[in-house]
Amino acid sequence: MSARHFLSLKDCTPDELVSLIRRGMELKGLRNSGVLFEPLRNRVLGMIFEKASTRTRLSFEAGMIQLGGQAIFLSPRDTQLGRGEPIADSAIVMSRMLDAIMIRTFAHSTLTEFAANSRVPVINGLSDDLHPCQLLADMQTFLEHRGSIVGKTAAWIGDGNNMCNSYIEAAMQFDFKLHVACPQGYEPNAALLAEAGERVKIFRDPHEAVTGAHLVSTDVWASMGQEEEIAERHKLFAPYQVNRALLDAADENVLFLHCLPAHRGEEISVDLLDDPRSAAWDQAENRLHAQKALLEFLVEPAYHHA
């Protein structure tokens, strides 16, 4: 039986995705009630980090421990991957010793090549193209605070980056409309835009994009690896700051999300995370619960059928 991977939201059906976030809510309830639930006892997750991380590392490592398993942190400095061992060879060896592998990397092709050679589930902990685990947390947070997102409108303000690409996939999989406000030349992936069709609209004016929006989200203006572009990006993105006045133009029940880390005074106003419409702290915590649901979904069946 070939392993089930999670490199993109498209690797699950819409029904599976809704089940995952509802399961994340159930697991959150169990943890908040102090119930010990350890379905992944003796299972081991390998975590390969080529990029720095706070939420991804904490949520996967704590999540595996809470589910009764263990997680092993691997940086390029700690493995032969960092010294040029072929990705395929690393995947073959690691997947013979581990029950699942989470990778946080630059090139998305690293994930696809690793998954093609792995006998256990491979999870995308972030690539330059996509950040699907974050979207599970975002969708869980919206469901908890505002109910179903079906038929609603979300607005993405800022860079058409990996998060924006995953929002496009989410719009297709969770059945909502997406308004993307970004400067010329910073649009999200063209193939994804073409696939989404009428579901996603590009705007230059953030006020126009947030009009009527039920969810507003943004991210830092310069992601990891783009540090040398910071000055230029700051000039271009300055009109795209999300602040209280911008949220006032959205639906009266709008929910604001930010995948963090936030640069206060840049992509968001200094006070925005304290606004009652912001759920960024719940969203960060929900990385833990949504990913526990994902680990339970991917690892248990893979183990039973090995």
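If the Cβ limit is 7 Å and pairs must be 6+ apart or interchain, which residue in the stretch 104-125 that is free of Cβ contacts under 8 Å to residues at least 60 places away in the same chain pairs with which residue that is among the aromatic types (F, W, Y)?
R104/F49
Quick check on the stretch 86-103: of everything there that is farther than 27 Å from R23 by Cα and touching a residue at least 40 places away in the same chain (Cβ under 8 Å), which residue is most open to solvent (accessible area, probe 1.4 Å)?
If we take residues in the stretch 86-103 being farther than 27 Å from R23 by Cα and touching a residue at least 40 places away in the same chain (Cβ under 8 Å), then M97 is most open to solvent (accessible area, probe 1.4 Å).
With A213, A209, A245, A191 as the choices, which residue is open to solvent by less than 60 Å² (accessible area, probe 1.4 Å) and either assigned to a helix (DSSP H, G or I) or not assigned by the TED database to the domain that holds S148 (or both)?
Just a single option satisfies the conditions, and that option is A209.
Output yes when any residue across the stretch 167-176 is open to solvent by 30 Å² or more (accessible area, probe 1.4 Å) and over 22 Å from F297 (Cβ atoms), and no when none is.
No, there is no match, as no residue in the stretch 167-176 is open to solvent by 30 Å² or more (accessible area, probe 1.4 Å) and over 22 Å from F297 (Cβ atoms).
On the given criteria, is E50 of a type outside the set (F, W, Y), open to solvent by 60 Å² or more (accessible area, probe 1.4 Å) and under 17 Å from the mean Cα position of the chain (by Cα)?
yes
For the stretch 68-85, indicate whether the set of residues that are of a type outside the set (V, I, T), at positive phi, surrounded by 13 or more Cβ atoms within 10 Å (Cβ to Cβ) and touching a Pro at 6+ places or on another chain (Cβ under 9 Å) is non-empty.
Yes, the stretch 68-85 contains at least one residue that is of a type outside the set (V, I, T), at positive phi, surrounded by 13 or more Cβ atoms within 10 Å (Cβ to Cβ) and touching a Pro at 6+ places or on another chain (Cβ under 9 Å).
For the stretch 62-77, give me the residue count where each residue is part of a helix (DSSP H, G or I) and among the polar types (S, T, N, Q).
1
Suppose the filter is open to solvent by 40 Å² or more (accessible area, probe 1.4 Å), of a type in the set (K, R) and touching a helix residue (DSSP H, G or I) at 6+ places or on another chain (Cβ under 6 Å); does R199 pass it?
Yes, satisfied.
Return the residue satisfying two criteria in turn: it lies in the stretch 178-188 and is hydrophobic (A, V, I, L, M, F, W, C) and either open to solvent by 20 Å² or more (accessible area, probe 1.4 Å) or in contact with a Gly (Cβ under 9 Å, 6 or more places away or on another chain) (or both), and of such residues it is nearest to F237 (Cα to Cα).
This residue is C182.
Could you please let me know if E266 is within 23 Å of the chain's Cα centre (by Cα), more than 24 Å from S8 (Cα to Cα), acidic (D, E) and open to solvent by 10 Å² or more (accessible area, probe 1.4 Å)?
Criteria met by E266.
Read through the list (1) assigned to a strand (DSSP E or B); (2) touching a Lys or Arg at 6+ places or on another chain (Cβ under 8 Å); (3) more than 21 Å from L255 (Cα to Cα), then give the number of the only condition that P183 fails.
It fails just one condition, (1).
Can you name every residue in the stretch 14-61 that is free of Cβ contacts under 8 Å to residues at least 24 places away in the same chain and assigned to a loop (DSSP other than H, G, I, E, B)?
S33, G34, V35, L36
The values are calculated or read from the model by the stated rules, or taken from the named source; none is laboratory data. All values derive from a computational prediction rather than experimental measurement. All Cβ positions, even for glycine, are placed from backbone atoms using ideal geometry, and neighbour counts span all protein chains on display. Heads up: the accessible areas ignore ligands, DNA and RNA and are worked out on the full protein's heavy atoms, side chains in. Shrake-Rupley method; radii C 1.70, N 1.55, O 1.52, S 1.80 Å.
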